[in-house]
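K.L.:
Take this structure first; my questions come after.
The values are calculated or read from the model by the stated rules, or taken from the named source; none is laboratory data. In this text the structure is predicted, and so the values were computed from the model without any measurement. Neighbour counts are summed over all protein chains in view; Cβ atoms, including those assigned to glycine, are modelled from backbone coordinates with ideal geometry.
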Amino acid sequence: MKIDLRKLEEGVNEFSFDESSADLQLGDASVDFASPIQTRFNVVRVGESLTASGSTSFAVRHECVRCLKSFKSSFSVDFGFILQKGEPNSQEEAEAEAIIWIKEEAGLLDLSDEIRDHVLLEIPMNPVCSDDCVGLCPSCGKNLNTDTCTCTGAPGDSRWDALRELNQ
């Protein structure tokens, strides 16, 4: 996602990128991207001032953590950055999330790192196929969303029997 800053015209400059997960170095084996990562954004140039805003959309194949069913979900994330030439004056300025610092002599701007961060923050750590997913029976393993089981519950751990007796 490289932009040649020297070729930016005054006003709005539109950009569009379709990249694979490998292009953005998202090669984590635990995430299966079901589509290219599509990024559409504008860079607005007013004199020396530069701002970028847009959105990234993508789809991921997951396995539900409750019932182990495979499913696909789509995501879209909006972003906005201020592109600032020069060097930060303080640590606080250097850590500001919305500011991307550009060296004065730099001709190219690569937004891949920022887009990768936004994509990674959108992917759930524990994907669930639906909010009302019941999951699997802990005793027999049947999917309780589609089947019923006659299990009476998970057998208790006998090491806790003494504490259970105190509650009775």
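K.L.:
Among Val128, Val119, which is the only one that is modelled with pLDDT of 90 or more and assigned by TED's automatic domain parsing to the domain that holds Ser21? So that I can check it myself, show each step before the final result.
P.N.:
Working: Val119 fails: modelled with pLDDT of 90 or more.
Only one candidate qualifies: Val128.
K.L.:
Another question, if that's okay. Looking at Lys103, is it exposed (fewer than 11 other Cβ atoms within 10 Å of the Cβ), among the basic types (Lys, Arg) and modelled with pLDDT under 85? First the steps, then the outcome.
P.N.:
Details: exposed (fewer than 11 other Cβ atoms within 10 Å of the Cβ): yes; among the basic types (Lys, Arg): yes; modelled with pLDDT under 85: yes.
Answer is yes for this residue.
K.L.:
What's the total number of residues in the stretch 29-75 that are touching a Cys at 6+ places or on another chain (Cβ under 7 Å) and not in a loop (DSSP other than H, G, I, E, B)? Let's see the steps before the verdict.
P.N.:
Keep residues of the stretch 29-75 that are touching a Cys at 6+ places or on another chain (Cβ under 7 Å), which gives 64, 66-67, 69, 71.
The next check asks that each one be not in a loop (DSSP other than H, G, I, E, B); those that pass are 71.
Count: 1.
K.L.:
Just give me the residues in the stretch 153-167 being free of Cβ contacts under 8 Å to residues at least 12 places away in the same chain and under 24 Å from Cys67 (Cα atoms), in sequence order.
P.N.:
Filtering the stretch 153-167 down to residues free of Cβ contacts under 8 Å to residues at least 12 places away in the same chain leaves 156-167.
Result: Gly156, Asp157.
K.L.:
Pairs only if they're at least six apart or on different chains, beta carbon under 7 angstrom, first in the stretch 121-141 and under 13 Å from Glu63 (Cβ atoms), second assigned to a loop (DSSP other than H, G, I, E, B) and charged (D, E, K, R); list them, first residue then second.
P.N.:
Pairs that qualify, where the first residue is under 13 Å from Glu63 (Cβ atoms) and the partner is assigned to a loop (DSSP other than H, G, I, E, B) and charged (D, E, K, R), are Val128/Arg66; Cys129/Lys69; Cys133/Arg66; Gly135/Arg66; Leu136/Lys142.
K.L.:
Is it true that some residue in the stretch 72-84 is exposed (fewer than 10 other Cβ atoms within 10 Å of the Cβ) and either in contact with a Gly (Cβ under 6 Å, 6 or more places away or on another chain) or modelled with pLDDT under 90 (or both)?
P.N.:
Taking the stretch 72-84 as the starting set, the residues that turn out to be exposed (fewer than 10 other Cβ atoms within 10 Å of the Cβ) are none.
No.
K.L.:
Is there any pair with a first residue in the stretch 2-18 that is without any contact (Cβ under 8 Å) to a residue 40 or more places away in the chain and a second that is surrounded by 11 or more Cβ atoms within 10 Å (Cβ to Cβ) and among the aliphatic types (A, V, I, L, M) whose Cβ atoms are under 6 Å apart and which are 6 or more apart or on different chains, and what are they?
P.N.:
Val12/Val44; Asn13/Val43; Phe17/Met1
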